[in-house]
Amino acid sequence: MWLGATRATQASHLNSVRLKSVTVGLDIGTTAVKAVAADENGGIVANYRRPHKLITPSAEHFEHDALDAWHRGVLEAWHEVAAGLEVQAVCVAAFVPSLAGLDSRNQPITPGLLYGDVRGSSDENLARPPIENGEFLGFLEWMAAAHPEVVTFCPAQAVGNAALCGEAVLDTATAMTSMPVFDGVGWDRNVCQKLGIAPEQLPRLGAGNDPVGEITPANSAVCHNRSATIPLSGGTIDALAEQITAGADQPGDVLVVLGATLLTWMVLDSWIEIDNLWTIPHSEPELSLVGGPSNAGGIFLNYLHQILGHGTNPPQLPASAAPGNIPVWLPYIRGERTPLHKRSLRASLHHLNLTHGPAELLRAGYETTGFVIRHHLELAGEHCQPQRIVATGGGTYNPAWLQAIADATNLPVESSPIPEGAALGAAFLARITAGLEAELSDIRRWQQPAGRVFQPNSQWQQACADRYETFKALTYAN
């Protein structure tokens, strides 16, 4: 995969910080497991990226080899990032919803189903936020019928935890996204009975950031202190972990996560629900986030790089390219999530002419991400007065992508200096698990100034605005 391919796939350790006390955050992503070891001030002592395959048996299916990605990938990332360090606690972040079936050895024996897979729920239900859409219920219903041999049914976080501590455990915040299987307190016995399973076939639950298990010396043999056990958090949702480290905490900020999935979250000073968008809590109690996920991120751009034959070195837009001579992509390579909520949509290219080469097609792909972000902002209307975009995720390694987003949205884009935001956020939550932090608000000392700031290019703004109108017209004509 192109996204984040510029990062080394080996652990990065500095000899001068060997044996330093750290917490470790692991993020099971759509295309890789990312891991960071962070010190008390959020400094990254070591990091590691372990890629895995995204499997699409059909346009409607979206899955992982759960044994490779969620189990072996987590163990490899853990062992590599923790080598030679005094680890005080560990936390695993991952996407929601997801589901895999484990055997009696706590190893996956089914595919790992990902958000948006057709085995989840209907388009109508997908318009609702994860806590309401019943997608996890759909996954569980399918898996219970198709794989009666399963011993334990687990989201990705619980699979990673089982790999680390030998037991499938899960935090209650992540469990909230599995309603109505989770009833707010525990697994609903009546719902489970209708599916033909027992509540005991779901992960043991732990509250908040309380320790739910221990990584034993057998699993932590690469760590310096072999006589101690390491507390394990119940896990967290990647979007929450990403949010707390980004520093997008003022009304008018727009948090954009440039991962395999594109996430757009507008920071508002009140709880407002907007048609076709999701509203979720912000880590700051008085704020909320409005927006949602889109398939116009790395899922689309990795495919575009692949068909253009770019590999890990995408070309830059030629200096001679005319701002008014760029085609328009509809990026719906596997349907769209917010704000359209349609699996049936497909990608298409418009206004192509003989003067367009690979670089123009690529610029069009970068722009369409900006158009999707702009569409979310526009739907929020008067409720959102955007001032800046705070960008994080693996896509921040690509300045051409960030510049195109600035041009397409007519907003400055501030790039996070730490693309592995979800893993870093998980590392902070691990500090709470270890009893080293009392309040989530203490994360502010870990937040760092923007790496680079990309201002809209005045030579491209009007042409981008015109293409945005074309993009909207084409989108709603489908």
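The values are calculated or read from the model by the stated rules, or taken from the named source; none is laboratory data. Worth saying up front: this structure is predicted, and the values here are computed from it rather than measured. Neighbour counts run over all protein chains shown; Cβ positions are idealised from the backbone, glycine included.
This table checks each residue for (1) of a type in the set (S, T, N, Q); (2) buried (at least 24 other Cβ atoms within 10 Å of the Cβ); (3) out of contact with any strand residue (DSSP E or B) (no Cβ under 7 Å at 6 or more places or on another chain).
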{"position": "D407", "(1), (2), (3)": "no, yes, yes"}
{"position": "N410", "(1), (2), (3)": "yes, no, yes"}
{"position": "A426", "(1), (2), (3)": "no, yes, no"}
{"position": "A430", "(1), (2), (3)": "no, yes, no"}
{"position": "W446", "(1), (2), (3)": "no, no, yes"}
{"position": "R452", "(1), (2), (3)": "no, no, no"}
{"position": "N457", "(1), (2), (3)": "yes, no, yes"}
{"position": "D466", "(1), (2), (3)": "no, no, yes"}
### Query
From A228, A248, A241, which residue is within 17 Å of the chain's Cα centre (by Cα) and in a loop (DSSP other than H, G, I, E, B)?
A248
### Positions within the stretch 179-208 being within 16 Å of M143 (Cα to Cα), out of contact with any helix residue (DSSP H, G or I) (no Cβ under 7 Å at 6 or more places or on another chain), free of Cβ contacts under 8 Å to residues at least 24 places away in the same chain and surrounded by 15 or more Cβ atoms within 10 Å (Cβ to Cβ), in sequence order
none
### Message
Given (1) surrounded by fewer than 16 Cβ atoms within 10 Å (Cβ to Cβ); (2) in contact with a strand residue (DSSP E or B) (Cβ under 7 Å, 6 or more places away or on another chain); (3) closer than 23 Å to W78 by Cα, identify the lone condition not met by M176.
### Response
(3)
### Query
Of all the residues that make up the stretch 1-39, how many are farther than 26 Å from A158 by Cβ and modelled with pLDDT under 95?
16
## Note on the structure
Y48 meets each of (1) in the same structural domain as G160 (by TED's automatic domain parsing); (2) of a type in the set (S, T, Y); (3) modelled with pLDDT under 95 with one exception, condition (3)
### Task
Would you check which residues across the stretch 353-367 are surrounded by 14 or more Cβ atoms within 10 Å (Cβ to Cβ) and either aromatic (F, W, Y) or in a loop (DSSP other than H, G, I, E, B) (or both) and list them?
H356, Y366
### Query
Does N133 satisfy being within 25 Å of T264 (Cα to Cα), free of Cβ contacts under 8 Å to residues at least 24 places away in the same chain and either out of contact with any Gly (no Cβ under 6 Å at 6 or more places or on another chain) or not assigned by TED's automatic domain parsing to the domain that holds G291 (or both)?
yes
## Note on the structure
Within the stretch 330-347, of all residues that are in a strand (DSSP E or B) and touching a residue at least 60 places away in the same chain (Cβ under 8 Å), the one farthest from L114 (Cα to Cα) is L330
#### Entry: Pairs with Cβ under 6 Å, 6+ apart, first in the stretch 450-478 and touching a residue at least 24 places away in the same chain (Cβ under 8 Å) and more than 25 Å from K342 (Cα to Cα), second of a type in the set (G, A, S) and surrounded by fewer than 13 Cβ atoms within 10 Å (Cβ to Cβ)
A463/G324
### Query
Does any residue of the stretch 109-129 turn out to be in a helix (DSSP H, G or I), over 19 Å from the mean Cα position of the chain (by Cα) and surrounded by 22 or more Cβ atoms within 10 Å (Cβ to Cβ)?
no
### Task
Could you please let me know if F153 is among the aromatic types (F, W, Y) and under 27 Å from T433 (Cα atoms)?
yes
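Take the residues of the stretch 40-74 that are under 30 Å from G120 (Cβ atoms) and in contact with a helix residue (DSSP H, G or I) (Cβ under 7 Å, 6 or more places away or on another chain): which is surrounded by the most Cβ atoms within 10 Å (Cβ to Cβ)?
W70
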## Note on the structure
Among residues of the stretch 16-73 being in contact (Cβ under 8 Å) with a residue 60 or more places away in the chain, of a type in the set (K, R) and outside any strand (DSSP E or B), the residue nearest to M143 (Cα to Cα) is R72
### Query
Of the residues A77, A145, A94, which is hydrophobic (A, V, I, L, M, F, W, C), surrounded by fewer than 18 Cβ atoms within 10 Å (Cβ to Cβ) and in contact (Cβ under 8 Å) with a residue 12 or more places away in the chain?
A145
### Task
State whether one or more residues within the stretch 238-258 are buried (at least 21 other Cβ atoms within 10 Å of the Cβ), touching a residue at least 12 places away in the same chain (Cβ under 8 Å) and hydroxyl-bearing (S, T, Y).
yes
### Query
Which is surrounded by 13 or more Cβ atoms within 10 Å (Cβ to Cβ) and either more than 20 Å from A260 (Cβ to Cβ) or in the same structural domain as P129 (by TED's automatic domain parsing) (or both), of P331, P386, P293, P339?
P386
